[in-house]
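Here is the structure we will look at, set down as structure tokens.
The values are calculated or read from the model by the stated rules, or taken from the named source; none is laboratory data. The model shown is predicted, which means the values in this text are computed figures rather than measured ones. When we count neighbours, we look across all protein chains shown, and the Cβ atoms used for this are built from the backbone with ideal geometry, even at glycine.
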Amino acid sequence: MTFRIAPSILSADFARLGEEVRAVASAGADLIHFDVMDNHYVPNLTVGPLVCAALKPHVKLPLDVHLMVRPVDRLIPDFAKAGASIISFHPEASEHVDRTIALIRENGCKAGLVLNPASPLSFLDHTLDKLDLVLLMSVNPGFGGQQFIRSVLPKVSEVRKRIDKLGRDIWLEVDGGIKTDNIAEVARAGADTFVAGSAIFGSKDYAATIKQMREKLSVV
Ligand code: DX5
Ligand code: ZN
């Protein structure tokens with residue numbers, strides 16, 4: 001199993017964003033997780049395609065764009081042009097989920113579907129074979145630094161089974177409240193990609209924190 005660590009810029013110092021993404025990249029991150037919030041679908045407001053495009057030259061790592069916006073389609077071409085590699089969205093925020101997935105892929109990006117803690121896995125019934133990534137939220141979206149919601153663990157295992165049954169290389173990412181002390185448990189449930197915001201950007205030494213996470217993952 002290949003494990004990937006995706007620091008979320010939500011907990012970075014926004015006044016020094018370029019420097020912050022370079023720092024986590026050299027600290028050993030695999031992806032940069034870019035949280036987009038609209039004060040409509042979620043009660044917080046962050047950054048859009050302009051900031052994504054501004055960051056792009058600072059980092060070679062894939063940009064993992066997590067859209068918490070409604071409506072969603074309008075922004076997809078903009079994020080593709082801004083350098084996103086993966087674009088994920090919440091099915092509740094799209095009028096036509098299949099169309100949104102197709103739009104992401106037509107724009108040359110990998111497509112991800114994001115399920116909130118209370119969102120049913122039935123959203124994957126007619127979509128999984130078209131996805132590159134499933135992102136399971138282990139907090140309610142909108143803020144960094146929240147407590148990990150443990151009821152996501154059986155959902156992670158169930159999605160792992162569905163992905164394995166399908167036999168396609170679909171990443172299974174978990175987002176919210178991931179720390180060095182629970183990352184192994186989330187991996188054992190079946191996740192391969194881990195978003196961590198406050199755990200990494202809130203630590204003094206990004207490289208030491210990512211190294212600790214990898215050590216925990218190495219014994220899963
Ligand atoms: C929450 C965001 C997360 C957030 C995670 O809506 O999607 O990516 O930054 O932050 P932590 O790791 O602090 O829970
Ligand atoms: Zn996120």
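Criterion first (touching a Cys at 6+ places or on another chain (Cβ under 6 Å), part of a strand (DSSP E or B) and touching a residue at least 12 places away in the same chain (Cβ under 8 Å)) does I5 satisfy it? Judged against the criteria, I5 is not a match. Put simply, of A29, A25 the only residue that is part of a loop (DSSP other than H, G, I, E, B) and in contact with a Lys or Arg (Cβ under 9 Å, 6 or more places away or on another chain) is A29.
The rows are residues; the columns are (1) touching a His at 6+ places or on another chain (Cβ under 8 Å); (2) farther than 16 Å from I9 by Cβ; (3) among the hydroxyl-bearing types (S, T, Y).
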| position | (1), (2), (3) |
| --- | --- |
| K56 | no, no, no |
| R70 | yes, yes, no |
| G83 | no, no, no |
| R99 | no, yes, no |
| V114 | yes, yes, no |
| S122 | no, yes, yes |
| H126 | no, yes, no |
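Restricting attention to the stretch 72-98, the residues being in a loop (DSSP other than H, G, I, E, B) and in contact with a helix residue (DSSP H, G or I) (Cβ under 7 Å, 6 or more places away or on another chain) number 5. Counting only residues that are within 13 Å of ligand 1 (Cβ to nearest atom) and within 26 Å of S218 (Cα to Cα), the stretch 1-11 holds 6 of them.
Taken as a whole, the stretch 45-59 holds no residue that is closer than 27 Å to E158 by Cβ and modelled with pLDDT of 95 or more.
Can you find a residue that is aromatic (F, W, Y) and within 13 Å of ligand 2 (Cβ to nearest atom) anywhere in the stretch 167-179? The answer is no, given that none of the residues of the stretch 167-179 is aromatic (F, W, Y) and within 13 Å of ligand 2 (Cβ to nearest atom). Please go through the stretch 157-183 and pick out each residue that is more than 16 Å from the chain's Cα centre (by Cα) and within 16 Å of ligand 1 (Cβ to nearest atom). T180, D181, N182 - these are the residues of the stretch 157-183 that are more than 16 Å from the chain's Cα centre (by Cα) and within 16 Å of ligand 1 (Cβ to nearest atom). Among the strands (runs of 3 or more DSSP E) confined to the stretch 103-220, the ones with at least 2 residues that are under 24 Å from A23 (Cα atoms) are located at 171-175, 193-196.
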